[in-house]
Amino acid sequence: MKLEFHEHNAVETAIEECQRQIAAQTDRVTQQTKAGRAASTSRYLLFALHRSLEALKRAEQF
């Protein structure tokens, strides 16, 4: 039983970290766009972070 609780906390921690990274990456994309710089790589990373967050949220349900 302790293992399940520990695993759940690990998923919650990963979700929180992913959300933090998404916020930071969103700021970077916004700054790059405002500066007129190409942000395609940054947008791709943001997309990948969102996909990771979706997967973590699904894992949390189990």
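Observations on the model:
- Summed over the range 23-43, residues that are within 30 Å of Asn9 (Cβ to Cβ) and of a type outside the set (A, V, I, L, M) total 4.
- Among residues of the range 36-62, those that are charged (D, E, K, R) and either within 15 Å of Gln21 (Cβ to Cβ) or buried (at least 16 other Cβ atoms within 10 Å of the Cβ) (or both), counted: 4
- Residue that is nearest to Glu60 (Cα to Cα), among those in the range 13-25 that are more than 8 Å from the chain's Cα centre (by Cα) and surrounded by 15 or more Cβ atoms within 10 Å (Cβ to Cβ): Ala14
- Taking the range 26-35 as the range and being surrounded by 12 or more Cβ atoms within 10 Å (Cβ to Cβ) and either on the phi > 0 side of the Ramachandran plot or out of contact with any Ser or Thr (no Cβ under 8 Å at 6 or more places or on another chain) (or both) as the test, the residues that pass are Thr26, Thr30, Gln31, Thr33.
- Members of the range 1-25 found to be touching a helix residue (DSSP H, G or I) at 6+ places or on another chain (Cβ under 8 Å) and either at positive phi or at pLDDT 95 or above (or both), listed by number: Ala14, Ile15, Cys18, Gln19, Gln21, Ile22, Gln25
The values are calculated or read from the model by the stated rules, or taken from the named source; none is laboratory data. Computed from a predicted model, the values in this text were never measured in an experiment. Quick reminder, even Gly has a Cβ in these numbers, built from the backbone with ideal geometry, and neighbours come from all protein chains shown.
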